[in-house]
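Bear in mind these aren't lab numbers, they're just calculated from the coordinates by the rules spelled out. Everything quoted here is computed from the prediction, not taken from an experiment. Cβ sites come from the backbone with ideal geometry, for glycine too, and all protein chains shown count toward neighbours.
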Amino acid sequence: MILKIVLRQVCECPRVSQMLPIQCDRPFYTSHQGHPDDICPLTLTSATQELFGCRYDGDVTRDNPYKILRKEDILQDLRNRAAVSDFSPVKQLVLAYPEDELLLVYDRDFIYGSSFYLVLTVEGKDRHLMALEREPSDVFAAQKTPEPRPWISLGSEQEIEEESVTDSRPRLKCRISRVRRAFGAPVFFSDRNAAETKDGFIECTPYQDKIFSLKQMERHCGVQAIPNCNSSSTQTPWTYPKNMCTQYEPREFSKEEKENCLQSEELKHFISLAVSRLEVAIQQNEIADVFFDDWKALSEDDGGYAGKADSHLKEYQSFTDLHFSQEKTISNISWHPTISGVIAVAMTERLSFEDRINASTKLLLNPSLILFWSFSDPINPQLLLECPDDVFSFEFCPSDPNIIVGSCMNGQVVLWDISAHVERLQGTRSNTRDNETSVVRYCAVSSIEHGHKAPVTDIQWLPETFEVSRMGVPMENKSGMCVQIVTCAPDCCLMFWDIRAPRVAFQNMADQRKQKVEEKPLENPDGVPNTFKHLNLTWKPLFRVSLPKIDTSGEYSPLKFSLRDNTFNIPAIHSPNWGLNGSQTPNLFSDNLFFLPQDGELVYTDWKLEKDDSGRLFSVKPSHRFTIHDGLVNTVRRSPFFKDIVLTVGGWTFAIWKEGVMNGPIIHSSCSQRKCTVGYWSQSRPAVFYIGKEDGNLEVWDLLEKTHEPSQTQNITTAPITCIKPWIISSKQHLLAVSDHLGTLHILEIPWTLRSPCSNEKLSVNKYFEKEVDRLVYFDKRREMRTKEKKNMDAEELRKKMVRQRSQISKWILIIICLVGTYSVVKYIPGKLYFFLTYLD
């Protein structure tokens, strides 16, 4: 310790510091309290040293401590390992470095606290390299005679005084003397028995000294624990199988014995005693179900009304990527239908229309992607789907989950086939560097000339139960596979697409033979599957449906739509307005839909084309239009338990509709303080749905608990919520995917109270909806009755007013007659009075 302090004091001396040659050549080594601004100490693991070829005492030594690193290699390591990389603390400084090569210096003596440090400026790099190339002769030639400078105390002498040993008392003195004549006399040594001589030896026996005591601070000991072993054995007798059979026949009384038993007094007495008890038992069985499990019902009731302590959503996992999610938002999310724990998200740029035009060149160089996330690897996406433009909506095919369709901002429809990557999605990601995330290119894209002229905002698969012909007529789908798609865009039309190969016109044998000869194998350098090669760049819609307005000329611009996805369409009995043609018989296929225009309205129409007198097809006008929401409507979603119940979210409110009841919404919320951005029904409870807000809050509504306010509100993020999608992993685990405007995907675990339905919950919710329908019908009748009463009151008031006017006119006639004296003709017409007076001479 004293040597260390002395060395520090020597180094602090100005004369000694000037005499050190290392100060002239490498001025950045002079301080060990911190480090210069142009370097950054780094601690590199053995894997990083081997990767960049900078192993200490091998690639770099004390004599050769410098290593040149390529900037591109460092950035590639940051992309591969992200936050795990050893260069992650200096990522921004490396990106800001102007040149392509950086200097790494091996700090063997740990002058700056680490084994390496990275030079972050060009001037520092040149200074280090110049010091390396300088010869030793030049170093000594450049030295000058040091000039003495005054001593500046930094406190080191105080440390030396504290560590020095000083006398606290006078030293003890001991004097030894002997006879003078014995000086220089020879000395003879011999052996003798110490026991024979008195005081021949002194025995030093151990004893406990109370002046001081030693305390044992640490002890090394070994402990080994073994389980208790017990040896036991058992033996069972061996039995061999035997074939056995039993035959029996019923034994009955004879007719005489039966008659004697029925006529006996004992049986009559027994029946007279038991008949009252039997009647009571039968009545009790009719009143109460004796096989009903009360404990199970009690637990369900407790859980339905917050009987469980855990009633809030818990964050299960979150996904974001520093490269693919940066400066982007999530426009749509979808769970994989068959692979558990895999979810896909569509990333879009957070740019306005003007900013998108200004940055069009940059957007072309960075294609849009759909990311596949897996619970097995929350850091890296498992699969990337390349898109021609930003995707607003995409859906997995219900018949084949490996087929994905998406809608793009440029008006095109895209198809992907991920059959070759199913094993990667099902397994776990390996840790090897060569296993990069696969990028799947789209198999087919629709023709720009024949597609939408505006961004495609919504896309859905038609159910596998029916398909649509080229004339727009619904028919049965005999294949049982989903092969048709419906899209909508603000270009005022819906389009129906077919993914099957188009029918080829008749060709003669010579043309077919010539075509086979001219056919050549298609080149496929990107490994794109040939599943839809017949549709690529030539895909046209099967037919389109325009959406004319009801009361004025022009057409609606749809943003979202909702098809009735069941096979049979049973009309509602609550409203006489069901059906556009007035028939009350069920149709085989439902051709009605709700769609949301840009004006913030909800429109109900029939997409089936009709023929006019000339046989030309045209789109009928919508049957109903509603303006309920106070802003742009962003969600129209059908209940998974009631196909005729629809949830719409827009502006500051949400509403619940019943298809067939066209008097208005059966439930309409009050205005909230924050805008509603998205909504979705629960997949396990008919009475529960979720509403996302622009402030990042998620509202949980339970219609059986509260209808005027949400059951609970929970903050998920600080940005607006863009998408919500629940999913059922198992009966004991339900998840809720929530995405925000910053590009982060949150996976929440739904608690037991929100995933387990109460007893007869579906029946209770259905009765509640029916009561709301009756209430709506009652209000309409009262409104009609009040209107009729008001009309009658106005007519009665008008009649009384006319009677008063006639009485006033009669009085004026009498006054005029009295003043004139005589008259020849007085003619009265209602509203006018004519006098023809003849004065007598």
Spelling it out for Thr635: with amide H atoms placed in the peptide plane at 1.01 Å from N, the residues 5 or more places away or on another chain with amide H under 5 Å from its amide H are Val649
Karplus couplings for the stretch 241-246 from phi (6.51 cos²θ - 1.76 cosθ + 1.60, θ = phi - 60°), rounded to Hz, Gly and Pro as x?
-> x, 10, 8, 10, 9, 9
Order of Tyr442, Tyr690 from fewest to most other C-beta atoms within 10 Å?
-> Tyr442, Tyr690
Rounded to two decimals, the Rg over Rh value of the stretch 632-771 from Cα coordinates and the Kirkwood Rh reads 0.94
Go from 0 up to the bin containing the longest alpha carbon distance in the stretch 368-488, width 5 Å each, and give me the % of pairs per bin.
-> 2, 10, 18, 19, 18, 14, 10, 5, 3, 1, 0
Any residue on another chain or 5+ positions along whose placed amide H is under 5 Å from the amide H of Leu535 is listed here as none
Out of residues 5 or more away from Val342 or on other chains, whose amide H comes under 5 Å of its own, with H placed 1.01 Å from N in the peptide plane?
-> His336
Can you run phi through the Karplus equation (6.51, -1.76, 1.60; θ = phi - 60°) for the stretch 460-477 and list ³J(HN,Hα) in whole Hz, with x for Gly and Pro?
-> 8, 7, 6, x, 6, 7, 8, 9, 10, 7, 5, 8, x, 9, x, 9, 6, 8
Take Ile809, Ile202 and order them by how many other Cβ atoms sit within 10 Å, fewest up front.
-> Ile202, Ile809
With only Lys, Arg, Asp and Glu charged, each at its Cβ (+1 for the first two, -1 for the last two), find how big the charge dipole of the stretch 330-455 is about the Cα centre; round to the nearest 20 debye.
-> 160 debye
Put in order of increasing Cβ neighbours within 10 Å, starting from the fewest, Ser334, Ser447 give Ser447, Ser334
Computed ³J(HN,Hα) along the stretch 98-103: with the Karplus parameters 6.51/-1.76/1.60, θ = phi - 60°, integer Hz and x for glycine or proline, the list is x, 9, 8, 10, 10, 9
Any chance you could run the full-extension gain for Arg79 through Arg219? It's 0.36 nm times the residue separation minus the Cα-Cα distance, nm to one decimal.
-> 45.5 nm
Please report the orientation-averaged projected area of the stretch 605-683, defined via the convex hull of its C-alpha atoms, in nm².
-> 6.7 nm²
